[in-house]
Amino acid sequence: MPLPAPFTAALAADFPSDFSTAEPAELATYGKDWTKVFTPNASLLVRPRTTDEVSRFLKLASANGVAVVPSGGRTGLAGGAMATNGEVVLSLERMRTLQPVDTLAMTVRVQAGAITEAVHQHCANEGLFWPVDFASKGSSQVGGNIATNAGGVRVIRYGLTRNWVLGLQVVTPTGDVLELNGALEKNNTGVDLRQLFIGSEGILGVITEATLKLTRLPEKVDVFLFSVPDLQGVLTLFEEARKGPFTVMAYEFFTDKCSRRLEAHRKIRPPFDTPSTHSVLLEVEAAKPGALDGWLGSLFERGLVTDGTLAADSDQAKFLWSLREGISESLSATGLPHKNDISLPISGLKRFCDELEALLAKKYPGWELCLFGHIGDGNLHVNIMKPDSMEKAEFLARTHACDEDVFTLVKAHQGSISAEHGIGLLKKDFLGYSRTPIELALMRELKRSFDPKGLLNPGKVL
């Protein structure tokens with residue numbers, strides 16, 4: 001369906017000449033995120049530079065009944081930034097201003113299109129850190145991080161993104177600009193609207209600026225890689241790490257099936273002589289040298305680990321991290337993975353994984369299960385690989401039924417069907433597995449209140 005003539009005429013008359021484009025290659029790129037299940041079908045791409053342009057554009061879109069999909073770094077895996085039904089894509093990539101760091105308040109104000117890694121580098125010059133960190137930090141954008149309440153590798157130490165956002169500037173679907181909380185640490189004046197937009201996946205408004213809360217850069221950081229005999233060993237070592245003479249920054253694990261695909265793709269593998277089914281990457285801050293030696297020795301004496309290594313310098317630390325961060329790319333490069341991002345109570349992870357493996361063996365024989373994740377916060381990345389002998393179309397058709405089985409198991413274990421990637425298009429049919437009917441009804445009321453015409457990121461989440 002073509003865009004309304006009054007809409008396109010106003011775009012040409014009232015906005016810069018490079019504000020919008022319908023060039024097919026651009027639409028194909030900006031109409032999708034990292035989700036591979038859906039086909040992009042955007043009608044137009046707009047790239048504002050200021051909040052005022054976002055406001056005027058959304059007011060125009062609302063007046064003409066034009067649907068809009070907000071777009072950040074497009075690194076999501078739930079289809080939350082997909083334009084599949086002729087929507088206009090609103091990219092924030094030109095809005096990348098980083099204001100000077102406020103070293104007294106330990107805050108920084110940035111535009112929503114700022115790249116996560118650029119924020120890290122900007123703050124590091126002042127000895128400060130925005131502790132939202134993940135493998136896609138080189139391309140993810142702050143606005144998208146906030147809109148999805150992104151997690152990452154250091155949630156165990158710092159918590160989710162919402163813990164590190166003091167204030168937001170948001171444009172509503174009708175073009176109104178909201179300034180929410182500014183740079184205030186304390187503001188007890190009723191409902192905190194700022195928190196409604198954090199994690200809402202762009203269905204309530206478009207985040208254009210944010211005041212981020214910072215902390216000091218970590219002190220001396222040590223990175224270890226251990227091999228353990230099984231998943232119970234992963235959990236036992238985690239319990240020991242929490243009692244260790246340091247502060248745990250990250251606790252990650254991956255299985256030997258992940259390692260084999262990593263080696264096939266990147267030609268790297270864990271530096272252990274003896275093969276092991278499970279590996280653990282542990283990053284800690286401010287380890288006490290004397291006590292650390294005793295703690296490590298105890299692990300080997302009690303047989304809690306079968307092998308291990310400590311990074312001697314930053315290059316070795318990067319290598320150990322590459323073993324974990326290269327897994328997702330390697331799975332896609334060596335086959336067709338069906339990805340799920342779930343969370344469970346930590347104490348129930350072992351039983352869940354046992355039941356998951358039994359489920360796949362019974363109902364989906366030959367489907368390889370590759371598990372990895374931020375197990376210290378209960379976040380499990382479930383990757384089911386297409387059998388080489390199965391056609392892609394058949395595999396994709398059967399994954400919906402598989403998801404239903406997996407999410408039924410997640411619900412039985414009081415878990416969440418999405419730990420950090422959100423719901424988007426991919427999981428909206430299953431949202432009821434993690435949310436009650438009353439919760440869903442309240443969410444729909446919120447959506448209608450903020451977006452009565454249903455024009456902003458339509459079809460996502462609900």
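The values are calculated or read from the model by the stated rules, or taken from the named source; none is laboratory data. Just so we're clear, the structure is a prediction, and the values are computed from it rather than from any experiment. For neighbour counting, all protein chains shown are included, and Cβ atoms are generated from backbone atoms with ideal geometry for every residue, glycine included.
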Could you please tell me which pairs satisfy a Cβ distance under 6 Å, a separation of 6+ or placement on different chains, a first residue in region 1-14 that is free of Cβ contacts under 8 Å to residues at least 60 places away in the same chain and closer than 14 Å to Ala61 by Cβ, and a second residue that is of a type in the set (A, V, I, L, M) and surrounded by 12 or more Cβ atoms within 10 Å (Cβ to Cβ)? Phe7/Val66; Ala10/Leu60
Name the one entry in Leu371, Leu380 that is in contact with a Gly (Cβ under 9 Å, 6 or more places away or on another chain), within 30 Å of Ala287 (Cα to Cα) and among the hydrophobic types (A, V, I, L, M, F, W, C). Leu380
So which residues in region 92-130 are in a loop (DSSP other than H, G, I, E, B) and either of a type in the set (S, T, N, Q) or modelled with pLDDT under 95 (or both), if there are any at all? Thr97, Gln99, Thr103, Asn125
For region 131-163, which residues satisfy the criterion of being assigned to a helix (DSSP H, G or I) and within 18 Å of Gly422 (Cβ to Cβ)? Val142, Gly143, Gly144, Asn145, Ile146, Ala147, Val155, Thr161, Arg162, Asn163
Test result for Leu296, outside the structural domain of Met385 (by TED's automatic domain parsing) and within 17 Å of Val223 (Cα to Cα): yes
Please work out which residue is nearest to the chain's Cα centre (by Cα), limiting yourself to region 54-67 and to residues that are within 24 Å of Val110 (Cβ to Cβ) and surrounded by 24 or more Cβ atoms within 10 Å (Cβ to Cβ). Val54
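Condition test on Lys318, is it out of contact with any helix residue (DSSP H, G or I) (no Cβ under 8 Å at 6 or more places or on another chain) and either exposed (fewer than 13 other Cβ atoms within 10 Å of the Cβ) or more than 24 Å from Asp273 (Cα to Cα) (or both)?
So Lys318 passes the test.
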Hey, does region 178-191 have a residue that's within 23 Å of Asn125 (Cα to Cα) and in contact with a Pro (Cβ under 6 Å, 6 or more places away or on another chain)? no
Residues of region 272-293 being surrounded by 14 or more Cβ atoms within 10 Å (Cβ to Cβ) and farther than 27 Å from Leu336 by Cα, which ones? Phe272, Leu282, Glu283, Val284, Glu285, Ala287, Leu292
Single residue of region 183-207 satisfying the filter (over 19 Å from the mean Cα position of the chain (by Cα) and outside any loop (DSSP other than H, G, I, E, B)) that is surrounded by the fewest Cβ atoms within 10 Å (Cβ to Cβ): Leu193
Considering only residues that are within 24 Å of Ser279 (Cβ to Cβ), without any contact (Cβ under 8 Å) to a residue 40 or more places away in the chain and of a type in the set (A, V, I, L, M), which ones fall in region 361-405? Ala361, Leu380
